[in-house]
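Following: one structure in structure tokens, then a few remarks.
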Amino acid sequence: MMHGFLFPPGCGHRGHRGGWDTFGGGPGRGSLGGEGGGGGYFGGHHGGGRGGLGRFFAHGDLRVVVLGLIAEKPRHGYEIIKAIEDEVGGAYSPSPGVVYPTLTLLEELGYIATAPAEGGKKLHTITPEGQVFLEANRENLAALRARMAAAAARGGAAQAPQIVRAVENLRMALRLRLSAGPLEEAQVAAIAAALDAAARAVEGVR
């Protein structure tokens, strides 16, 4: 069944450099600032994982943002990922492969303490040393969060992960069906009609 290859809601397919790889296109240049987007859903990558992060956050910036979020309240790793995603309006979602090593680094630096929590999760809280570091980087944190808010204002909804996931599902469905063998005329017509109907439905959303 083809469905085993599709991506469920809340999930996206990431390209080989960490960006969203939807309907072709080259490596992403980041969608949240710095070097601009990669051409939209149908031609290029959107920031995600290292693809967007490396250009939106300079070296060391992510640890400041993460520590600032933990200073607001103790958080699990997943809560930190969602908080960053929310602050940029869904335009970017950091990968666990970026966030969790950052948490490990912050713990090694003595800036956060980690304790087991319900469900096998780890709860991260800021330490006095972390508070000192955060205070020294208060202006940098404010500038970073202003950039994140600006990214959301520039149209985070236009790059919503749910839409990226749905477009990727369509691309995957087409690829699998077309690679299964030659299509009969009736099948070609049916597929074209389904795509046209989807296009009309999207255009009709108000």
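Is it the case that Ala152 is without any contact (Cβ under 8 Å) to a residue 24 or more places away in the chain and either open to solvent by less than 60 Å² (accessible area, probe 1.4 Å) or of a type in the set (A, V, I, L, M) (or both)? Give the steps one after another, and end with the answer.
Values: without any contact (Cβ under 8 Å) to a residue 24 or more places away in the chain: no; either open to solvent by less than 60 Å² (accessible area, probe 1.4 Å) or of a type in the set (A, V, I, L, M) (or both): yes.
For Ala152, the condition - without any contact (Cβ under 8 Å) to a residue 24 or more places away in the chain and either open to solvent by less than 60 Å² (accessible area, probe 1.4 Å) or of a type in the set (A, V, I, L, M) (or both) - is not met.
Restrict the check to region 128-146 and report whether at least one residue is crowded, with 16+ Cβ neighbours inside 10 Å and either free of Cβ contacts under 8 Å to residues at least 12 places away in the same chain or β-branched (Val, Ile, Thr) (or both). The answer is no; no qualifying residue exists.
When region 69-106 is filtered for residues that are without any contact (Cβ under 8 Å) to a residue 24 or more places away in the chain, over 23 Å from Val164 (Cβ atoms) and open to solvent by less than 20 Å² (accessible area, probe 1.4 Å), only Leu69 remains. Here is a check on your reading of the model: is Ala180 at pLDDT 90 or above and either under 22 Å from Leu69 (Cα atoms) or loosely packed, with under 13 Cβ neighbours inside 10 Å (or both)? The answer is no for Ala180.
Consider region 184-206 and keep the residues that are in a loop (DSSP other than H, G, I, E, B) and modelled with pLDDT under 90. The one that is most open to solvent (accessible area, probe 1.4 Å) is Arg206.
The values are calculated or read from the model by the stated rules, or taken from the named source; none is laboratory data. Remember, it's a predicted structure, so these values are computed and weren't measured experimentally. Neighbour counts are summed over all protein chains in view; Cβ atoms, including those assigned to glycine, are modelled from backbone coordinates with ideal geometry. Remember, those area values only see protein heavy atoms, side chains included, never the ligands or the DNA or RNA. Shrake-Rupley method; radii C 1.70, N 1.55, O 1.52, S 1.80 Å.
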